[in-house]
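J.: Have a look at this one before I ask anything.
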Amino acid sequence: MGVYVLKAYALAALAISAAAHSQVYPSRPIRMIVAYPPGGGTDIVGRMVAQKLGETLGQSVVVENRGGASGNIGTELAARAAPDGYTVLMGNVAPNAINVSLFKDLPFDPVADFAPVSLVASTPNILVVHPSTPARTVKEVTALARAKPGTLNFASAGVGSSSHLAGELFRVLAGADIVHVPYKGAGPAMVDVLSGQVQLYFATMPAAMPHVKSGKLAPIAVTSARRSRALPDAPTIAESGVAGYEASTWYGLLAPARTPGVAVARLHQATVKILADPALREKLADQGFEPVGDSPEEFAAYIKSEIAKWGKVIRDAGIRPE
């Protein structure tokens, strides 16, 4: 009988603790890890969301950039953080879905080590070229690559990044002999594309749009199945003659595994609320983002489906794990 009483007390204590956590969370600033340097798509959407989350939650949400190793360094840091709701990750398709098929010894499990909160946004990549490159269409890029094999370089935010795999998928499906040049993040990659050191870049829309609008980069085509509302005149790569081509980048909010359910629920509630705000939606859309906002369960299922999808692309492209 005493055992049952003790169990009842323990359950009651847990319930009281959960209720207390729910009432006070968050009671201090939250750290949002972005696993890339400043300037890329993950950083841009992370900072937009962090500001609005802070306003909604009543506590600052501070972005911490921890780039390197194709997003693995910052993502591992988030996975190993205390599961108390005060560290979150602005996840990205690369470390949270692609890298598990690219790295033999990934220091985290993209499924087991995280508690998904919500898919925040998705965006197509856009193939852009430095103005000095004599190509303005997909067919011209392909023809140039075939005429001078191995001389056209394409930048990426790192091995396994969406910009890398978008380029590899193009190389395979278009039969274009282009050479991959990986960087330690989208920001450094963009610097060399803007200077003409690298000719091509399958950049995220948010990172590319300011330079496309200013004329510093020439847009060729978007990687999504449909044209982007942010750049409706740019055709898709598929409609430009590369049948079956489709690739998109997504961003989502995650917490370390075993984060209390009440904290995950509060974060989810706040995230969905801010993503429904017309002002933020317009701001995201202007940068090339498609706002989403789904349930933790839907986001978890989506991550698993993306792991399977990109694993197949990696195998089909003959990319070997590092």
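The values are calculated or read from the model by the stated rules, or taken from the named source; none is laboratory data. From a predicted model like this one, the values you see are computed outputs, not experimental measurements. For neighbour counting, all protein chains shown are included, and Cβ atoms are generated from backbone atoms with ideal geometry for every residue, glycine included. Remember, those area values only see protein heavy atoms, side chains included, never the ligands or the DNA or RNA. Shrake-Rupley method; radii C 1.70, N 1.55, O 1.52, S 1.80 Å.
J.: Could you give me the residue pairs with C-beta distances under 9 Å whose first residue belongs to the stretch 174-194 and is under 11 Å from Ser156 (Cβ atoms) and of a type in the set (Phe, Trp, Tyr), whose second residue is assigned to a strand (DSSP E or B) and open to solvent by less than 40 Å² (accessible area, probe 1.4 Å) wherever it lies, and which are 6+ apart or on separate chains?
T.: What qualifies is Tyr183/Ala155; Tyr183/Ser156.
J.: If you don't mind, there's one more thing I want to ask. For the stretch 84-98, state whether one or more residues are in a strand (DSSP E or B), open to solvent by 30 Å² or more (accessible area, probe 1.4 Å) and modelled with pLDDT under 95. Spell out the reasoning first.
T.: Going residue by residue through the stretch 84-98, those that are in a strand (DSSP E or B) are 87-92.
Add one more test, that the residue is open to solvent by 30 Å² or more (accessible area, probe 1.4 Å), and what stays is none.
No: zero hits.
J.: Please enumerate the residues belonging to the stretch 24-55 that are closer than 25 Å to Ala157 by Cβ, touching a Leu at 6+ places or on another chain (Cβ under 8 Å) and part of a loop (DSSP other than H, G, I, E, B).
T.: Across the stretch 24-55, the qualifying residue is only Ala35.
J.: Here is a further query. Go through Arg226, Arg258 for me and flag whichever is within 25 Å of Lys139 (Cβ to Cβ), exposed (fewer than 15 other Cβ atoms within 10 Å of the Cβ), in contact with a strand residue (DSSP E or B) (Cβ under 8 Å, 6 or more places away or on another chain) and of a type in the set (Lys, Arg).
T.: Arg226
J.: Something else now. Between Glu246, Glu306, Glu322, which is among the acidic types (Asp, Glu) and free of Cβ contacts under 8 Å to residues at least 60 places away in the same chain? Break it down stepwise before answering.
T.: Details: Glu306 fails: free of Cβ contacts under 8 Å to residues at least 60 places away in the same chain; Glu322 fails: free of Cβ contacts under 8 Å to residues at least 60 places away in the same chain.
After applying the criteria, what remains is Glu246.
J.: Name the one entry in Gly288, Gly244, Gly318 that is at pLDDT below 95, surrounded by 19 or more Cβ atoms within 10 Å (Cβ to Cβ) and assigned to a loop (DSSP other than H, G, I, E, B). Steps first, please.
T.: Working: Gly244 fails: surrounded by 19 or more Cβ atoms within 10 Å (Cβ to Cβ); Gly318 fails: surrounded by 19 or more Cβ atoms within 10 Å (Cβ to Cβ).
Criteria check complete, one pass: Gly288.
J.: Would you pick out the residues in the stretch 261-279 that are surrounded by fewer than 18 Cβ atoms within 10 Å (Cβ to Cβ) and either within 17 Å of the chain's Cα centre (by Cα) or under 15 Å from Leu119 (Cα atoms) (or both)?
T.: Correct list: Ala265, Gln269, Val272, Lys273, Ala276.
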